[in-house]
Every structure is written in C-alpha cells, then in structure tokens.
1. Taking R0 as 30 Å, what's the FRET efficiency between ALA187 and ALA627 from their Cβ-Cβ distance, rounded to 0.05?
2. Would you work out if the range 115-227 is rounded, prolate or oblate? Take a ≥ b ≥ c from the square roots of the eigenvalues of the alpha-carbon gyration tensor; rounded if a/c is under 1.5, else prolate when a/b is larger than b/c, oblate otherwise.
3. Among the trypsin sites (Lys or Arg not before Pro) in the range 279-382, which ones are in a DSSP loop with at most 16 other Cβ atoms within 10 Å of the Cβ? Mind listing them?
4. Using θ = phi - 60° and the Karplus curve 6.51 cos²θ - 1.76 cosθ + 1.60, what whole-Hz ³J(HN,Hα) does each residue of the range 44-51 get, with Gly and Pro shown as x?
5. LEU662 to ASN70: FRET efficiency via 1/(1 + (r/R0)^6), r the Cβ-Cβ distance, R0 60 Å, to the nearest 0.05?
6. Say a paramagnetic label sat at a point 7 Å from the Cα of LYS464, along Cα to Cβ; which residues of the range 367-398 have their backbone N under 20 Å from it?
7. Which residues in the range 357-373 have a backbone N closer than 16 Å to a point placed 7 Å from the Cα of GLU434 along the Cα-to-Cβ line?
8. I'd like the Karplus ³J(HN,Hα) series for the range 459-474: coefficients 6.51, -1.76, 1.60, θ = phi - 60°, whole numbers in Hz, and an x wherever there's a Gly or Pro.
Amino acid sequence: MPKVTVDGEEIEVPAGATVLQACELAGKEIPRFCYHERLSIAGNCRMCLVEVKPGPPKPQASCALPAADNQEIRTDTPMVKKAREGVMEFLLINHPLDCPICDQGGECDLQDQAVAYGRGGSRYERENKRAVTEKYMGPLIKTIMTRCIHCTRCVRFSEEIAGVDEIGALYRGEDMQITTYLEQAAAHELSANVIDLCPVGALTSRPYAFEARPWELKRTLSIDVSDAVGANISLHSKGREVMRALPRINDDVNEEWLSDKGRYQVDGLGKRRLDKVFMRKGGKLQAASWNEAFDAIAGQLEGKNSSIAAVAGDMVDCETMFAAKALLNACGSTQVEARQTGMTYDVSNIAAVNFNSTLAGIETADCILIVGSHVRWEAALVNARLRKAVKGGAKVFVVGPEWETTYPAEFLGEDLKVLNRVPKGLGDAMKAAERPAVILGGAALAKGALGAALKLVDKFDLVKDGWNGFNVLHMSAARMGSLMLDFTVPGGMADIAAKAPKVLLSLGADEMDYEPFADSLKVYIGHHGDKGAHAADIILPAASHAEKDGTYVNTEGRVQFAEKAVFAPGDAREDWTILRALADALGVNVGFDSFGELQGKMIAEVPALGEEGLADYGALPKADSSAKAEGSISAYPIADFYLTNPIARASAVMQQCSAELLDTNEIKEAAE
C-alpha cells in the first residue's frame, strides 16, 4: 500500500487509489464536477487540481492521477488556488446567470463551488456567451443545455450503470453538445438519475419544475414501495403535499440510484384519493359515516365473526398486516392471504423464497440463470446489479420470453422443462462457476417451478462457504413481510374463496380477482379509487405509505422502517386505527390501543421485525427429488412498468411515461 504525504500529513492509501481519493482519506475536500465515485474517470472538468511532487511544476488533475509511494501532495498552495479560480472563471464565462430562476438553485454544485473556490469577480465583459438549443429527453428530464459544463456524468451513467447508450456528445470544443440519440426521449427505467448526477442546472426534473425551493421542504426518511427492492428514499414535503422523492445512499440496497417509477409516482399520492367513507346503496357508492359502515359489517356477520377473511395488497406495511391478523384471530378466523394474484408455494421455509445472495452479493456472481423474470421491469435496480456482474465476467442465461436486456444474455426458450434436463451449455457454465446463482421470478413461481428450481441447488452446487446462490425475486413490497408474519394460507386465494366468507377485508388489494367473492361483503381499506375500490361494497379510506409509520421487508429479507411524511387527506385514517375501531364494532379484543403497543406485540411475535438489517431465515430446505417443472412461460406478470400499482396509475407523470415511452405503435411515414 503506497504511502503519500497530503499537506504535510503522511497516510497509507489502498493500492490503485487516485490522488483525489488519497486527499479525501486525509480529510481534505477536493472540488470536482466530472468525477463521481460510481462512474469511470473522465478527467475533463479540471476542477480537482492539486500540486504533486515529484512531477511537473504545474497543477494536475487529482481524479486521474494514481497515488504512488513518496508522493507529496499539496491542496492549499497559491498555485492550486489560482488554478482552481482560473478553471471556475472559464466555466462561468459561458454559464448563464440563471441562479434566481434555476431549479437547481440551493442544491447546485457549481453554485457552491463558485462561492468556495471562485475568484469573487469575473473579467467577462462584452464577449458573446455560447448558446445551445434545448434537447428533448422525455417527460421526466427538463433540459437547459446552455448551462451544461460537459462533465459527461449523464453520458457515463447511461452507458455504464443503466447500460443504455442513449445519451452522448456531438461536435468538439465550444460547439460540443450533450444530447440523446436523434433527440428522442431517454427511455429506460433509471433515466432520471442523471438529474441527481448533473452538477449544474442543465438537467432538472420536468414534473417538479418551479414547484418549490429546497429550503422550503421537510425531509422524511422513507422506503420505496413500488417494487420489492426497498430502495431508501427521502420524501420532500411542503405542507400536506409530497413534492418529490429522492434516493438516499445505501450501498447494500440501492447504492444511490432510484427507479423512475419510485421517484415520480409521488404525484399520484394526491390524485384519485379516497377521503371519505362510502357504502354501496342501490348499486351505487354513496357517502356514509364510519358508524354506518362498521354497523353494516357487524350486521353482515350476524354474530358469526369467524366468517371473515383478509387479503393484503402489494404496498401494505407489516404493522397493518399484523393488526389485520390480530383482528381475524380474535374473531376466530385464520383466513389471511397476501399473495393476492393467486400464487401458491410452500412458505414453511422462507429461505426458499428469499433473495439469498443479497442485492449487493449478486454483483459477485459469475454465472446467473434467470427463470421467469423480466428483471428490468420487476426490479430495475437489481438489473443494474446484474449488469455489474456481467461487466465482471458473469454469463447470464434466461428462461422465458425474450426482453431487451442491458447486457449480453442467452435466452433458452419459454419451456420450463429446461430445469429438468439442463442444456449442456448452461450446465457446463454453472459447474465451472465459482459463484453460480439462480434467480426465480414471479412468472416461474406462478407456474409452480419452485420445487424443480430447488433441485438445482445440489446440481450446480449453489450453496458454498460464504455463498448462497438460490434467489427468488419478488415484485411486491409487502411480500417478505407477509411471509414473516405468516399472513398466508396453504392453498392461497383459492382456499379463501372456497370458504365463502361473509366479509372480505381488502387491505389495498387492487390486483386480485373479486369475482369469486360476489356473495361476500367486500370492505376495501385503501387509499386510492382503483380496482379494489370499484369492486367494494364498503370503502374505508386509509393512509398511503407516505402518511404513516411502517415496517417493510425487501426481497432479500432486509427489515427497514419508513417514517410518516404528511397527514392523510380528509377522513382517511391510518390502517391500524381502522382495524382497531372495527374490533370494537365486532366486540373483540385485539390487545393494542396505540401504534407503539401494536409494534411491540408484532416484534414480540416476530423478533426479526424489530431489528433493521437482514433477517436470518436459516438454511435452504432439502429439494423434493420428485419435483418436476411443467408448462411454459408465455408472458411476465408486469405488462407496463409505469402502471403497476394504484399510486402509479393515479399519477399523471406515470400515465404520460406509459403512453410516450412504451407506446409501440409505429408512426407511418408520409410515403407509406
């Protein structure tokens, strides 16, 4: 490990570190625009200049200079100060004076570094400033390219992280421009991350433009519930409205990225909201009171409280499911289910349906078999991890219909029988791999392929010291929490329908089929007027994930806590309070009167839910030797990436993305 001296202090740095990283290890702040820890080195902004001896008697770009033994690095000499001031002056020569009306104002790197490292004055007088025409990058990214300083962060992110070559540079020198291919929309699931990366106001958020200033916003730590990855986010609210969602850094989960849906569905939180109680009278939903609704539910049961069932939706927190289960148990019922689309699989050992390699660990796999998962749509951030694995040399094989991957992959067809008789190419690659992995998606689970996939554990030696390569990729933020709470019945939704409950409690279950429950009183406890509300006989308005505290468990079994950002609108209440009031109406005792008591009882029953971090599910179960995979995968569960949940379907931004970015209708030319 090289030893270097930074401003008179000797430190030891890792082999391969750059001078910039050495300075940061020494506690020195180095200004930069083009350098980013997760992107390749470009070395084109020249803001990170330092003085290095031995070396030429001039400032050098620290981001592109390797640290070496006996280097003497100075970050505070007059030469360095003058050089940085010169670079800043050159950057500002063509930069427009847009600070008062720029959306990046208050969180702009150029603004901050101009104050910290600039001259405090400019010699610019009458020269013409450079002007660049605006580019159209789709419904999410607003461009003012005259502000662009050519750091190329957006270009490198698109190519290296997202794996989509959609943004690039044209021309040279003063005429250089950053643009999308043929100036079309950037159509991939991580596109808006370039907004966070842009150090100036060239790329800003189109939906959020001119809505608020950063100092007006309250920040709340939360979790993205649009998929099962559990990305760490910060909800920024103004008054009672969530204005935007931004990613938080968590290297184990989402690094510092966020999917476009997780970022932009928040405008749906204020649209199509259920803010009062409704009851169906004469075939039409009409406003009612809480007491009327509770009396109707109690009247339907006629004292036979055990004829009640509960189905949880995809975005429900653990506390709500625990409260619902406590209510049903007090009523004498065990009919609870969270797999609303009808999937059934053995949940006696949760390790068999967990993402055991972990999200960060899958990057180190060297051969990956994906079965029945359109990873790019089901978990865009996992897809970015798989791309990193491929860049490290991993081979990828896919069973299922073809989809546009962002890395080289070999598709093995749609027939699941390949799990029974493994093709030679796949078998040889898996057996030669040191860290082989299998990822089972929702389409494979729905076809009953879990048992056959577990046989691959021994066949490919997926479990070794320090490595477990068997993974199930869920799509629902509530799935792993429901499994930990045992919020399931062996036969799934079919078992519940067979019981013909008099009352069905739907906890935000908008994707389920309500037809088998035509004779039940359907009580929808949710926050949006979506499919579940349309099918309901009684609607009890509830809070969304942004309007309550709650615990969520992601697809790798990581327990995380989301905080309440704003209050629910109108008469809407937090789900657990609705269930607690319903318990009184039914004359049963659930054992809690506050959120703290509810959470305490939940943790007492499932201690792992009280410890943030990865839950321990133990070892994988032994595979059934008679298990066979049958059938084929003709389609994936997600048909539209942007419209997978009631919040997204209520979002005008997501509707626009779906129409513009996924519309496959070809536009005919005049000659046709």
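What follows draws every value from the coordinates through simple rules; no lab data is involved. Just so you know, these numbers come straight off a predicted model, no measurement behind them. Heads up, the Cβs are rebuilt from the backbone with ideal geometry, glycines too, and the neighbour counts pull from every protein chain shown.
1. It comes to 0.15.
2. On the way: a/c = 2.02, a/b = 1.22, b/c = 1.66.
It is oblate, given that a/c is not under 1.5 and a/b is not larger than b/c.
3. Values: sites: ARG280, LYS281, LYS284, LYS304, LYS325, ARG339, ARG376; in loops: LYS304, ARG339.
Qualifying residues, ordered by number: LYS304.
4. Coupling constants for the range 44-51: 10, 9, 6, 7, 8, 5, 9, 9 Hz.
5. Values: r = 57 Å, r/R0 = 0.95.
Given R0 = 60 Å and the Cβ-Cβ separation, E is 0.60.
6. 367-370, 386, 388-397
7. Answer for the range 357-373: 361-368.
8. For the range 459-474, the Karplus-derived couplings read 4, 9, 6, 6, 10, 9, 4, x, 8, 10, x, 9, 9, 10, 9, 7 Hz, x marking Gly and Pro.
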